[in-house]
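A short worksheet on the structure shown next.
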Amino acid sequence: MSAEQERFGEFVGVRRHGHVAELVLDRPKAMNAVSTDMARSIAAACDALGADPGVRVTVVTSSHERAFCVGADLKERNSFTDAELVRQRPVARGAYTGVLELPMPAIAAVHGFALGGGFELALACDLIVADRTAVVGLPEVSVGVIPGGGGTQLLPRRVGAARAAELVFTARRVEAAEAAALGLVDQLVDAGRDREEALELAARIAGNSPVGLRAAKRAMRLGHGLDLRAGLEVEDAAWRSVAFSGDRAEGVAAFNEKRAPQWPGE
């Protein structure tokens, strides 16, 4: 990673592309296995991005050529006592929750292995762009645990209960073409193109109102799983939060004046 990038500890960096932030998983010697230190860094980077009103979209990428992220650092875990594992759990959760709770749209750019916690980091994003080298899966039951970074909850919401059960219970790895067919990833691109395509998608999204984007994400996230009547109340609250914003006033004015909007972001 180059010098102009902001560092969050040794293993995470953030690049800026205008209103798009790129959160880079950067522990290549371990194929981005998530250690305790790396988990803290992911959470810290997400906190910083979430508090930055200039960030309209976040893209999660990897610096490793053959992996997005292979999940938890099992070598580190193997050295833990039971008490140490208990103390580490909130730190690990903080990484996945950090990505999940990013207030702006988030896109994962996946190539190579995205397994266990690595796939859970991608699932925590709103959209997953994967190239044809991608291999995804939640193999946790094969090593005596369960997907504990959100996988048991996020995967059924993405592909349905029965499909998620088959994938979790078999612990199988899914290659890119099948992953796209099953809805495990949203956009399948040529090998080596995941980062570029994800950044291009992010740039298109970032052309829209930052106030609108955050409110739309909030409405979809909070409304998911509610009955329709309750969901529409969530939507109405989100609408009221943007209806009198500077972004709405600018958007209407720009439309009527046939020009590109200059979003105030408030």
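A compact table of results
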item	result
Qualifying residue in the stretch 26-33 (condition: out of contact with any Asp or Glu (no Cβ under 9 Å at 6 or more places or on another chain) and buried (at least 16 other Cβ atoms within 10 Å of the Cβ))	yes
Some residue of the stretch 34-53 being of a type in the set (Gly, Ala, Ser) and touching a His at 6+ places or on another chain (Cβ under 9 Å)	no
Filtered residues of the stretch 48-107 (kept if open to solvent by 30 Å² or more (accessible area, probe 1.4 Å) and of a type in the set (Val, Ile, Thr))	VAL70, THR81, VAL86, VAL91, THR97
Positions within the stretch 160-186 being in contact (Cβ under 8 Å) with a residue 24 or more places away in the chain and either surrounded by fewer than 17 Cβ atoms within 10 Å (Cβ to Cβ) or not in a helix (DSSP H, G or I) (or both), in sequence order	PHE169, ALA171, ARG172, ARG173, VAL174, GLU175, ALA177, GLY183, LEU184, VAL185, ASP186
Selected residue (criterion: nearest to MET104 (Cα to Cα)) from residues of the stretch 7-36 that are of a type in the set (D, E, K, R) and under 19 Å from the mean Cα position of the chain (by Cα)	GLU22
Output for the stretch 70-118, where each listed residue is β-branched (Val, Ile, Thr) and in contact with a helix residue (DSSP H, G or I) (Cβ under 9 Å, 6 or more places away or on another chain)	VAL70, VAL91, THR97, VAL99, ILE107, VAL110
Selection from the stretch 34-47 of residues that are among the small types (Gly, Ala, Ser) and open to solvent by 10 Å² or more (accessible area, probe 1.4 Å)	SER41, ALA43, ALA44
Subset of the stretch 199-239 that is of a type in the set (Gly, Ala, Ser) and over 14 Å from ARG56 (Cβ atoms) - its residue that is surrounded by the fewest Cβ atoms within 10 Å (Cβ to Cβ)	GLY225
Inter-residue pairs, beta-carbon under 6 Å, first closer than 16 Å to ARG56 by Cβ and touching a residue at least 24 places away in the same chain (Cβ under 8 Å) and in the stretch 248-266, second among the small types (Gly, Ala, Ser) and loosely packed, with under 15 Cβ neighbours inside 10 Å, 6+ apart	PRO261/ALA254; GLU266/GLY246
Residue identified as in contact (Cβ under 8 Å) with a residue 40 or more places away in the chain and either more than 30 Å from ALA203 (Cβ to Cβ) or open to solvent by less than 50 Å² (accessible area, probe 1.4 Å) (or both) among PHE113, PHE119	PHE119
Number of positions in the stretch 172-219 that are touching a strand residue (DSSP E or B) at 6+ places or on another chain (Cβ under 7 Å) and over 17 Å from ILE128 (Cβ atoms)	3
Subset of the stretch 218-246 (residues that are in a helix (DSSP H, G or I), more than 25 Å from GLY265 (Cα to Cα) and of a type outside the set (D, E, K, R))	LEU228, ALA230, GLY231
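The values are calculated or read from the model by the stated rules, or taken from the named source; none is laboratory data. Keep in mind that what you see is a predicted model, and the values were worked out from it rather than measured. Every residue, glycine as well, gets a Cβ built from its backbone with ideal geometry; the counts of neighbours run over all protein chains shown. These area figures cover heavy atoms from the full protein model, side chains too; ligands, DNA and RNA do not enter into them. Shrake-Rupley method; radii C 1.70, N 1.55, O 1.52, S 1.80 Å.
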